[in-house]
Amino acid sequence: MTATSFDLDWAKFRRNGFLELGPRLSDSDRLAVLEHFDKLDASDRIPPGYQAQYDEQGETRRLRKLRRLLWNDKKLFAPILHRMGALDLAETLIGPSAVVILHAAFLKPARIGTHVAPHQDQALWDRHLPGSFNMWCALTDVSPANGGLHGYPGSHVHGVIEHRDDPDHPWHETLSYKVPELAERHDFLLKPGDAAMWESTFVHGSEPNTSDEDRRGMVVVFADSAAANFRERDVMTLDQVRSLAAAGAATESR
Ligand SMILES: O=C(O)CCC(=O)C(=O)O
């Protein structure tokens, strides 16, 4: 499979730290992913490789986050990452040394979905991964009405900012204390299948979901395996994911 070059406003990306990419995921792929997550949400035996986290209230327990999607289900996710252009985007921005380091779902369930406090991804990693970026894809509508997704334009230029313990956020240290000093918040307004991308020092987060509809998103993170000191082992190269995608396509056409 050959790479398609992405013609995007890279100057804007460098300036703001993020870009909205418009529609990237087809409805059929999106519905396949949602069906997969629905099955896992209904199951009390999720494979431990997904490192499932839950939002809970009273009797209700719903999936909040799943990790390592590609590693857990290569057959489903490799062709989808290929078709949504994630691999080509990584090749355009980073080059052929780009690798997938993370692939996760943020599933913010209706009524009980909790917030993701403002943070920089790079600050939560224990190693510096220069040039890394996220491609986040909406699986449902995404707007402030359902907890949405937001970020702070230009926040990436400060490099990694000190994160602090946050009593309101059990999942990780946050930048809640810093928000008043950041530029005006940008709320992403995404239709199902739309995607956005951001640099790993771009400050972003989301609010609780008080609506009656789930707000679901899937994120894939790429880093440059040719960067100095790169020592991630459990990664997938673009060629590996493309071969898995090609193998999936061959099976489907049989
Ligand atoms: O989907 C969300 O609510 C947060 C996403 C996020 O923090 C991430 O993709 O790094």
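Below, the figures for the structure above:
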quantity: Of all residues in segment 40-50 being under 27 Å from V100 (Cα atoms) and open to solvent by 90 Å² or more (accessible area, probe 1.4 Å), the one that is nearest to the chain's Cα centre (by Cα); calculated: P48
quantity: Qualifying positions in segment 55-101 - among the charged types (D, E, K, R), under 21 Å from V116 (Cβ atoms) and touching a residue at least 24 places away in the same chain (Cβ under 8 Å); calculated: D55, E56, R62, R64, K65, R67, R68
quantity: Filter result for the condition that a residue is within 16 Å of the ligand (Cβ to nearest atom) and at pLDDT 95 or above, over L93, L87, L70; calculated: L70
quantity: In segment 62-107, the residues that are part of a loop (DSSP other than H, G, I, E, B), open to solvent by less than 10 Å² (accessible area, probe 1.4 Å) and closer than 23 Å to P47 by Cβ; calculated: L107
quantity: The lone exception for D165 - which of (1) in contact (Cβ under 8 Å) with a residue 12 or more places away in the chain; (2) open to solvent by 30 Å² or more (accessible area, probe 1.4 Å) it fails; calculated: (1)
quantity: Meets criteria (within 16 Å of H186 (Cα to Cα) and either assigned to a strand (DSSP E or B) or within 13 Å of the ligand (Cβ to nearest atom) (or both)) for P118; calculated: yes
quantity: Total residues in segment 148-160, condition open to solvent by less than 20 Å² (accessible area, probe 1.4 Å) and of a type in the set (A, V, I, L, M); calculated: 1
quantity: Number of the exception - A145 against (1) out of contact with any Pro (no Cβ under 7 Å at 6 or more places or on another chain); (2) more than 30 Å from G58 (Cα to Cα); (3) open to solvent by 30 Å² or more (accessible area, probe 1.4 Å); (4) at pLDDT 95 or above; calculated: (2)
quantity: Extreme residue, nearest to the ligand (Cβ to nearest atom), among residues of segment 124-142 that are open to solvent by 30 Å² or more (accessible area, probe 1.4 Å) and more than 17 Å from F18 (Cα to Cα); calculated: L124
quantity: Only listed residue being away from the ligand (no atom under 15 Å from the Cβ), farther than 19 Å from P23 by Cα and touching a residue at least 24 places away in the same chain (Cβ under 8 Å), chosen from G193, G159; calculated: G159
quantity: Test for W198: is it part of a loop (DSSP other than H, G, I, E, B), surrounded by 13 or more Cβ atoms within 10 Å (Cβ to Cβ) and either modelled with pLDDT of 95 or more or within 15 Å of the ligand (Cβ to nearest atom) (or both); calculated: no
quantity: Test for G131: is it touching an Asp or Glu at 6+ places or on another chain (Cβ under 6 Å), at positive phi and part of a loop (DSSP other than H, G, I, E, B); calculated: yes
quantity: Whichever residue in segment 216-226 is open to solvent by 20 Å² or more (accessible area, probe 1.4 Å) and part of a loop (DSSP other than H, G, I, E, B) and, among such residues, is farthest from the ligand (Cβ to nearest atom); calculated: A226
quantity: Condition check for A183: of a type in the set (G, A, S) and either farther than 25 Å from Y54 by Cα or crowded, with 24+ Cβ neighbours inside 10 Å (or both); calculated: yes
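The values are calculated or read from the model by the stated rules, or taken from the named source; none is laboratory data. Values in this document were obtained by computation on a predicted structure and should not be read as measured data. Glycine gets a Cβ as well: all are built from the backbone with ideal geometry, and neighbour counts include every protein chain shown. Areas reflect the complete protein model, heavy atoms only, side chains present, ligands, DNA and RNA absent. Shrake-Rupley method; radii C 1.70, N 1.55, O 1.52, S 1.80 Å.
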